[in-house]
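Each reported figure results from applying straightforward, stated rules to the coordinates on display, with no laboratory input. Predicted, not measured: the structure shown is a model, and the values here were computed from it. All Cβ positions, glycine included, derive from the backbone under ideal geometry; neighbour counts span all protein chains shown.
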Amino acid sequence: MKRILVTPRSLSLDPPPELEPLRQAGFELVFPTPGRMPGEAELIGLVPGCIGWLAGVEPVSDKVIAAADSLRAISRNGTGIDNLPLPLLKERGIGILKAEGANAVGVAELSVGLMLAALRHIPAETAGIRAGGWPRSRGREIAERTVGIIGCGAIGKRVARAVSAMRASVIACDPFRPNVEVYGPFKWASLDEVFAGADIVSLHCPAPADGKPIVDAPRLATVPPHAILINTARATLVDEDAVRAALDKGRLQAYATDVFTTEPPAPGSLASHPRVIATSHIGGLTDESVGKATKIAVANLLSALVEETA
């Protein structure tokens with residue numbers, strides 16, 4: 001029986017019914033340790049003999065692909081492919097498939113939720129009450145603020161529309177300048193103009209080709225005082241040392257992030273900073289998003305492998 005490796009944490013812990021079409025097509029499903037992101041050694045032990053791979057966000061090294069002696073296609077249950085060794089995959093002729101837009105609603109809603117949590121100091125208020133206190137921090141409203149959106153794909157568009165419905169102005173940066181439907185003021189701007197002009201900056205873009213972060217010390221030096229930075233996209237977009245310095249100086253009121261270079265982050269890392277609001281890579285972890293992403297990823301795999309199994 002031909003095998004398919006299934007590594008997303010959301011699928012290995014409690015395999016959903018959306019995976020059944022793979023079993024019905026005659027494939028054996030191979031899972032890593034349930035609910036944990038597999039490391040290089042575990043992947044090297046699992047991938048041999050697998051002709052397909054339904055992959056998550058786990059880092060995939062050249063060594064892992066070298067061990068993939070039968071692999072024909074990798075199907076992501078999302079759109080990000082920064083974790084894959086793309087040149088080697090291309091050289092090997094291994095197909096890369098993406099579940100376009102499947103988790104857009106979930107990630108967009110989390111982004112807006114993080115904005116509101118930062119503006120109203122919700123984590124600090126909750127912690128204070130649990131400790132027996134009665135903190136009453138003065139917050140700020142999103143109405144009449146300027147929200148900067150970096151990347152206006154399926155997720156960024158939804159964030160722009162949502163905050164504009166709450167009477168925020170939107171400035172956005174996207175080299176393709178797609179159509180974005182909003183309810184209020186909207187304008188396109190350069191990356192530097194977004195950072196200099198937005199009270200809240202929300203990241204929804206891929207990593208640059210050169211691998212350098214777009215959020216660095218020079219750009220953070222230009223943001224309005226007490227700005228808020230939201231990152232539900234990729235940890236590599238941010239220079240964490242520069243963010244920490246901006247938080248310490250009060251230039252940033254908060255950094256709210258769902259993504260980290262190392263997951264889970266190490267004790268004492270940026271995630272431990274009192275001005276950081278952290279979630280554990282849950283942007284697409286909703287019933288609806290997981291279901292849609294899995295259906296698309298499974299369909300993509302079946303389409304790619306049908307000739308191999310005919």
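In table form, for the structure just shown:
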read-out	value
Charge sum, other residues only, whose C-beta stays under 13 Å from Val276's C-beta, Lys/Arg counted +1 and Asp/Glu -1	-1
Mean residue ellipticity (222 nm) of the chain, computed from DSSP H runs ≥ 4 via -39,500 (n - 2.57), nearest 500	-10000 deg cm²/dmol
Inter-label distance, nm, simple model (7 Å from Cα along the C-beta direction), Ser190/Ala143	3.5
Surrounding net charge for Ala165, when Lys and Arg each add one and Asp and Glu each subtract one, Cβ distance under 12 Å	+2
Per-bin percent of Cα-Cα distances, region 133-178 [10 Å]	27, 42, 19, 11, 3
Inverse of mean 1/r across different Cα pairs in region 187-259, Kirkwood, Å	12.1
Relative contact order computed over region 161-272 (Cα-Cα under 8 Å; 6+ residues apart), in percent	20
Centroid-to-centroid separation of region 264-310 and region 35-88 [C-alpha atoms, Å]	14
Whole-number percent relative contact order across the chain, with pairs defined as alpha carbons under 8 Å at least 6 apart	16
Packing-based exposure ordering (other Cβ within 10 Å, fewest first) of Ser289, Ser61, Ser137	Ser137, Ser61, Ser289
Residues of region 197-219 with amide N under 11 Å of the 7 Å Cα→Cβ point at Ala245	216-219
For region 63-192: rounded, prolate or oblate by the Cα gyration tensor [a/c cutoff 1.5]	oblate
Candidate lysines for bridging to Lys2, where Cα separation is under 26 Å - those fewer than 8 sequence places away on the same chain excluded	Lys63, Lys90, Lys98, Lys292, Lys295
Fraction of the pair-distance distribution of region 1-139 above 27 Å, Cα-Cα pairs, percent	37
Cα centre as origin, Lys/Arg/Asp/Glu Cβ charges: region 104-278 dipole, Debye	500
Tensor-based shape of region 128-268 (alpha-carbon gyration tensor, a/c under 1.5 rounded, otherwise prolate or oblate)	oblate
Kirkwood Rh, angstrom, region 261-310 [1 / mean 1/r, Cα pairs]	14.1
For the chain, fraction of C-alpha pairs farther apart than 36 Å, in %	23
Extreme residue, positive dipole direction of the chain, given options Cys152, Thr7, Ile94 (C-beta unit charges)	Cys152
Difference of contour (0.36 nm per residue) and Cα-Cα distance, Asp62 to Ala266	70.9 nm
Sorted by Cβ density within 10 Å, fewest first, the residues Ile74, Ile65, Ile149	Ile65, Ile74, Ile149
